[in-house]
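This report refers to the structure that appears directly beneath it.
Each reported figure results from applying straightforward, stated rules to the coordinates on display, with no laboratory input. In this text, all values refer to a predicted model and were calculated from it rather than measured experimentally. Cβ: placed from backbone, ideal geometry, glycine included. Neighbour counts: every protein chain shown.
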């Protein structure tokens, strides 16, 4: 999955996603929406053959890129913990 900045403002960021994986994008959106500093987080697909999916993040305060990184780090931690629990249970 690759991201390309399409539009960048002080408190908003629009990213075009190449090769999106919905199983990763939707949890990211949910994590972003939990952040009190995030005003808006949307994922739009458009036409499957003509448009590339777009992730839009707008913040109340702080940089949108920092909010995305924070959400991604949180998800990574959650998946690490789940992986650890699975490993322990499967021994």
Q: Fewest Cβ neighbours within 10 Å first, please rank 54, 6, 38 accordingly.
A: 6, 54, 38
Q: Please give the residues of segment 51-77, grouped as numeric ranges, whose backbone N is less than 15 Å from a label point set 7 Å along the Cα-to-Cβ vector of residue 18.
A: 52-54
Q: Please build a GNM for the chain, connecting alpha carbons under 10 Å apart, and tell me which residue among 50, 13, 33 fluctuates the most.
A: 50
(Q) Could you tell me the calculated FRET efficiency between residue 10 and residue 88, based on Cβ-Cβ distance and R0 = 30 angstrom, to the nearest 0.05? (A) 0.10
(Q) Helix-only estimate, please: 222 nm mean residue ellipticity of the chain, summing -39500 (n - 2.57) across DSSP H runs of length 4 or more and dividing by its residues, to the nearest 500. (A) -14500 deg cm²/dmol
Q) Once segment 45-88 is represented by equal point scatterers at the alpha-carbon sites, with solvent omitted, what log10 I(q)/I(0) does the Debye formula produce at q = 0.19 Å⁻¹? A) -0.75
Q) Taking the simple approach of a point 7 Å from Cα along Cα-to-Cβ for both residue 50 and residue 73, what is their distance in nm? A) 4.1
**Q.** 0 to 90° range, to nearest 10: angle between helix 64-89 axis and the chain longest Cα axis
**A.** 20
Q.
Placing one identical point scatterer on every Cα of the chain and ignoring solvent, what is log10 I(q)/I(0) from the Debye formula at q = 0.18, 0.22, 0.24 Å⁻¹?
A. -0.80, -1.06, -1.20
